[in-house]
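Report on the structure given below.
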Amino acid sequence: MGIWRYGRRPDADREQAAGRRARESRAMGVDMGELRGTHVPVLLERCLELLAPALDRRGAVHVDFTLGLGGHAEAVLERHSDVVLVGLDRDPEALAHSRHRLQRFGDRVHLVHAVYDELPAVLAELGFTAFHSGLFDLGVSSLQLDEADRGFAYAKDAPLDMRMDQSRGITAEEVVNGYEPGELVRILRVYGEEKFAQRIVSAIVRERAKARIVSSARLAELVRDAIPAAARRTGGNPAKRTFQALRIEVNAELAALEAAVPAALDFLAPKGRLVVMSYQSLEDRIVKRALAARARSTGPIDLPVELPGTGPTLRLLTRGSEPPTAAEVAENPRAASVKLRAAERIDEQDQGRGAARERPRMSTHGGRGRRRPGEHQEGEGH
């Protein structure tokens, strides 16, 4: 874990600062000679709307758990002049981009090379005991998806890497060529929800017996050929689910998320707000369960009052998961699959700390979700 802090620099020091940035970036294994990647922040205005009550607090600390190219973070800093940002990302290249993008905000910015489940250690090192506003934008960043050499995109040929942090961990090439067939089948079924996992793994095993599979294009071709022709005609690129499964395995994404959301809620200040955007059902299920567990009472259900310490600690701000609008998808197609959930930590003082209180008769949800065209309103069962 490495923490970068930035101070304000006068114009006269601009050339010296540029050289220092280049040296620091090279130390992280990143060539900043040419910035790569583009970024349209997903659901930017909706995120800012939900987080605004927490961001408006004097001295508020905002944690961007998945900093990426810094689009959401930049908007927060621009619109809330008193906010301090803690930005986390496991990808050194993404951190280098965000460092360049956010340098004008000076010592309001703390960028940290860390996975989001390392939040407690990050806050302790920075001297913060809590944060007031937080955002998770899960999945693959624009930088990782757009740059072919990272190996995330099934439509572009590249070495089979898929590590979000290329300085450590196993690669997708090692998984594809080294895992036992049964384990590969499990990964594709569980992480990719791939019903043709057995056929795909059989094709992989036959191919790797002849030659090591080292490129994303070759893997995508194997997957396509293994899936029945009728199934290939629907559901987009047939390699999508396999690549998702491998990426999740390589980066241990679900295990990190299962630890990160409860940790974030533990350190969220009273009346603080957390927004989470996920892009596939496995992520969303983890987030839903973590939020729901704290949004309901833990006391006996047959009592007419809530016993002290058993009431909900969260108020849900969205009803179920909130989808993007058609306009948002038209502006940014990558928002099409996003599911947004948001919650606010309840201030115990507002409830009358230490006293029993009447159980609420209404749902704990605090807002109304938006429906996708043709969909029923999502309830607790989804």
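The values are calculated or read from the model by the stated rules, or taken from the named source; none is laboratory data. What you see is a predicted model; the values in this text were computed from it and never measured. Backbone-built Cβ (ideal geometry, glycine too); neighbour counts: all protein chains shown. With ligands, DNA and RNA removed, areas are computed over all heavy atoms of the protein, side chains included. Shrake-Rupley method; radii C 1.70, N 1.55, O 1.52, S 1.80 Å.
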Filter the range 204-217 down to residues that are assigned to a helix (DSSP H, G or I) and at pLDDT 95 or above and give me whichever is least open to solvent (accessible area, probe 1.4 Å). Ile204
Output the residues belonging to the range 156-204 that are among the aromatic types (Phe, Trp, Tyr) and farther than 22 Å from Tyr279 by Cβ. Tyr179
So, Thr310, is that one surrounded by fewer than 20 Cβ atoms within 10 Å (Cβ to Cβ) and at pLDDT below 90 or not? yes
Of the candidates Val190, Val175, the one satisfying the condition of being under 25 Å from the mean Cα position of the chain (by Cα), closer than 30 Å to Ala96 by Cβ and in a helix (DSSP H, G or I) is Val175
Under 6 Å by Cβ, and 6 or more places apart or on different chains, what pairs join a residue from the range 318-344 that is closer than 19 Å to Arg285 by Cβ and in a strand (DSSP E or B) with one that is open to solvent by 10 Å² or more (accessible area, probe 1.4 Å) and basic (Lys, Arg)? Glu322/Arg370
Restricting attention to the range 148-162, report how many residues are in a loop (DSSP other than H, G, I, E, B) and either open to solvent by 40 Å² or more (accessible area, probe 1.4 Å) or modelled with pLDDT of 95 or more (or both). 4
Quick one: is Ala269 at pLDDT 95 or above and in contact with a strand residue (DSSP E or B) (Cβ under 6 Å, 6 or more places away or on another chain)? yes
Do we have Ala295 as surrounded by fewer than 15 Cβ atoms within 10 Å (Cβ to Cβ), of a type in the set (A, V, I, L, M) and at pLDDT 90 or above here? no
Subset of the range 225-264 [among the hydroxyl-bearing types (Ser, Thr, Tyr) and farther than 13 Å from Glu194 by Cα]: Thr234
When you look at Leu55, is it closer than 17 Å to Phe136 by Cβ and open to solvent by 10 Å² or more (accessible area, probe 1.4 Å), yes or no? no
Please work out which residue is surrounded by the most Cβ atoms within 10 Å (Cβ to Cβ), limiting yourself to the range 193-203 and to residues that are of a type outside the set (Phe, Trp, Tyr) and in a loop (DSSP other than H, G, I, E, B). Glu194
Just wondering, is there one or more residues in the range 78-94 that are touching a residue at least 12 places away in the same chain (Cβ under 8 Å), under 30 Å from Gln166 (Cα atoms), touching a helix residue (DSSP H, G or I) at 6+ places or on another chain (Cβ under 9 Å) and surrounded by fewer than 21 Cβ atoms within 10 Å (Cβ to Cβ)? yes
Return the pairs, sorted by first residue and then second, in which the second residue is assigned to a helix (DSSP H, G or I) and open to solvent by 20 Å² or more (accessible area, probe 1.4 Å), the first residue lies in the range 237-259 and is more than 19 Å from Arg168 (Cα to Cα) and of a type in the set (Lys, Arg), the beta carbons are less than 9 Å apart, and the residues are 6+ apart or on different chains. Arg241/Tyr191
Can you find even one residue in the range 180-201 that is more than 16 Å from Thr66 (Cα to Cα), modelled with pLDDT under 95 and hydrophobic (A, V, I, L, M, F, W, C)? no
